[in-house]
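Visitor: Okay, here's the structure, questions in a sec.
The values are calculated or read from the model by the stated rules, or taken from the named source; none is laboratory data. The structure presented is a predicted model; accordingly, all values stated were derived computationally and were not measured. No Cβ is skipped: glycine too gets one built from the backbone with ideal geometry, and neighbour counts run over all protein chains shown. Protein only, heavy atoms only, side chains kept; ligands, DNA and RNA dropped before computing areas. Shrake-Rupley method; radii C 1.70, N 1.55, O 1.52, S 1.80 Å.
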Amino acid sequence: MINSNEILDTIRMIDQQHLDVRTVTMGISLLDCCDADPQRACGKIYDKIVRSARDLVKTGEAIEGEFGIPIVNKRISVTPIALVAGASETEDYVPFAKALDAARAETGVNFIGGFSALVQKGMTPADERLIAAIPQALAETELVCASVNVGSTKAGINMDAVARMGRVIKDTAARTADRGGFGCAKLVVFCNAVEDNPFMAGAFHGVSEADRVINVGVSGPGVVHHALQAVKGAPFDVVAETVKKTAFRVTRMGQLVAQEASRRLGVPFGIVDLSLAPTPAVGDSVARILEEMGLETCGTHGTTAALALLNDAVKKGGVMASSSVGGLSGAFIPVSEDEGMIAAAKSGVLTLDKLEAMTCVCSVGLDMIAVPGDTSAETLSAIIADEAAIGMVNTKTTAVRLIPAPGMDVGDTVEFGGLLGSAPVMPVHRESCAEFIARGGRIPAPMHSLKN
Amino acid sequence: MRAIVTVIGKDRVGIIAEVCALLAGHQVNVLDISQTVLQEYFTMIMLVDTAACTASFTELRDCLRQAGESQGLDIRVQREDIFNAMHRI
């Protein structure tokens, strides 16, 4: 029999340290839903999602009940809609988002992702129509998430798409101004997007994936923080070892849940995403882990090094615990969703520039950051370009999820509620980057993309 | 299927008897028990076999939880697999 301390350890992790499975996400291919008639295509999309994921929520809840481990979200990701809708004879892609939202409501999942386009090298007419539909789609649907991949290490950065996404973000914020620009919280701009990401808002089901797949994202910043409290003052080797051991346990739990969900649903297991995903709850913060390593406030000098260690140790600990690791796998630093980040940003110690530096060493990027409502589209685009450049050169995924909160300025706070938390509006540089963005074209792929 | 029942709360007379009676009422067989009292806090961990259980796992869980709540105890039942996964390679 497993010993008492181990059992009580697990129970404490769940009860007091917010250990949970953040998401069980079913990826569903919609490539077989293409139809020249857009209405029929939407009908096929709705039917396939509902048919595939009918038991997802019920199964997730049953697993929660039996293992006593919370599964916070049950989600669906689908094939990038631009690839499916491209076959339909229509200019308007908003109905596709509505079909996704209707299927989401019917299956009872928390989010559905995949209103997406992959335009790192160029845009098809379908990609252009999808991007044009994003602001309206996000304003008129409840829980549909959109993402656009604008760059990759292989292709470089599509600066026309980057310029366009700045305007799309502005427009999305304006259309959801009554909710603090909430639409932007459902929109991610990627470089090197992954095809098996279970986390929102950036999840989509890649074309190289099977027809259906179960991906699981684990969490556990609270558990890591707690473990580090026991090694105060110890050298970094000890810190790294402690994080690794903790990540191993957390991931084993995620792997068990993933296998169980896969077996019960009769859907192949895809990957476990080894991510430290914070929540706004006290004791579930990545920033507080960094502070536990000896920093007074997250964002001060040393933060990037601390995050690099954390991110690496989480992967090393987790990789042996799962038969298949994928997705984003790293520490997340979404400002509004992390109690410690919110505090650090409010105090002015954590800045956008420091966050950008931090994204060089962790997944994923500038995430859930509110900026002043009057930030120009060009500035947003330039922020996207910077972040995409980091991803492109470092062969890693980077993402931007910014909320130019309408009518708000530095000092204000946007309240989203729930897991999305509250975002203190952070300052951006005021100097113009309009001419830079107006150039358009493509930033070529870096030398090291030529590996063959 | 094997599961772990944990009972945590303030110590008093008869906790083990009550929990065992509840489990027996559902045809749940107790395979192993360990129990300690630390600073008046009672902690019991039982390994049980739910193969012949007359209720579904979630019904059993709810029944134990409610019984615990009415007596000021935290009683939970979880499949053994989760502990094995987290603590054994």
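Visitor: Provide the FRET efficiency to the nearest 0.05 for the residue A:92-residue A:179 pair, computing r from the beta carbons and using R0 = 30 Å.
Guide: Efficiency for this residue pair is about 0.80.
Visitor: Turning to a different aspect of this structure: Rank A:325, B:44, A:10 by how far each Cα sits towards the positive end of the charge dipole of the protein assembly as shown (+1 on Lys, Arg Cβ; -1 on Asp, Glu Cβ) and give me just the farthest.
Guide: After comparing all options, I get A:325.
Visitor: Hey, what's the protein assembly as shown come to in accessible area per residue, 1.4 Å probe, Å²?
Guide: Result: 38 Å² per residue.
Visitor: For chains A and B, what's the summed buried accessible area, probe 1.4 Å, to the nearest 100 square angstrom?
Guide: So the buried area, both faces added, is about 2400 Å².
Visitor: Got a number for carbon plus sulfur as a percent of the protein assembly as shown's accessible area, 1.4 Å probe?
Guide: Of the solvent-accessible surface of the protein assembly as shown, carbon and sulfur hold 51 percent.
Visitor: Among all the lysines, which ones have a C-alpha under 28 Å from residue A:354's C-alpha, if same-chain residues fewer than 8 places away are not counted?
Guide: A:154, A:170, A:186, A:232, A:244, A:315, A:316, A:346, A:396
Visitor: Additional query: Between residue A:305 and residue A:154, what length in nm is gained on full extension when 0.36 nm per residue of separation is reduced by their alpha carbon distance?
Guide: Contour length minus the Cα-Cα distance gives 51.6 nm.
Visitor: Here's another thing I want to ask about it. Per-residue mean of other chain beta-carbon atoms within 10 angstrom of the beta-carbon, peptide A:2-14?
Guide: 5
Visitor: Suppose every Lys and Arg Cβ carries +1 and every Asp and Glu Cβ carries -1, with no other charges. What dipole size does region A:116-200 come out with about its Cα centre, to the nearest 20 debye?
Guide: Roughly 220 debye, rounded to the nearest 20.
Visitor: Pull up all non-local amide H partners of residue A:403: gap of 5 or more, or a different chain, and H-to-H distance under 5 Å with H placed in the peptide plane.
Guide: A:369, A:370, A:371
Visitor: Then there is this: For the residue pair residue A:32 and residue B:40, what label-to-label distance in nm results when each label sits 7 Å from Cα along the Cα-to-beta-carbon direction?
Guide: Each label point lies 7 Å from its Cα, and together they span 6.4 nm.
Visitor: Moving to a separate point now. Would you mind getting me the FRET efficiency between residue A:241 and residue A:3? Use the beta-carbon distance for r and R0 = 30 Å, nearest 0.05.
Guide: Result of the calculation: an efficiency of 0.90.
Visitor: As a check on your grasp of the helix formula, calculate [θ] at 222 nm for chain A: sum -39500 (n - 2.57) over DSSP H runs of n ≥ 4, divide by the residue count, round to the nearest 500.
Guide: Calculated at 222 nm, the ellipticity per residue is -13500 deg cm²/dmol.
Visitor: Can you tally the net charge around residue A:431? Count Lys and Arg as +1, Asp and Glu as -1, for every other residue whose Cβ sits under 14 Å from the Cβ of residue A:431.
Guide: With Lys, Arg at +1 and Asp, Glu at -1, the neighbours total -3.
Visitor: Compute accessible area for region B:1-46 by itself and then with all protein chains, 1.4 Å probe, and report residues whose area falls by 50 Å² or more.
Guide: B:45
Visitor: How large is ³J(HN,Hα) for each residue in region B:51-58, as worked out from phi by the Karplus curve 6.51 cos²θ - 1.76 cosθ + 1.60 (θ = phi - 60°), to whole Hz, x for Gly and Pro?
Guide: So the Karplus estimates, Gly and Pro as x, are 4, 9, 4, 7, 10, 6, 4, 5 Hz.
Visitor: Checking understanding here: applying a Kyte-Doolittle mean of at least -1.0 and a length along the axis of at least 30 Å (C-alpha), which whole DSSP H helices in chain A pass?
Guide: Once both thresholds are applied, what remains is A:236-265.
Visitor: So who's got an amide H within less than 5 Å of the one on residue A:218, skipping anything under 5 residues away but keeping other chains? H placed 1.01 Å off N, in plane.
Guide: Under 5 Å from the amide H of residue A:218 lie the amide H atoms of A:22, A:273, A:275, each far enough along the sequence or on another chain.
Visitor: Going by average Cβ neighbours within 10 Å, how do the peptides A:394-404, A:256-266, A:347-357, A:25-35 rank, with the highest at the top?
Guide: Sorting A:394-404, A:256-266, A:347-357, A:25-35 by mean packing, highest first, produces A:394-404, A:25-35, A:256-266, A:347-357.
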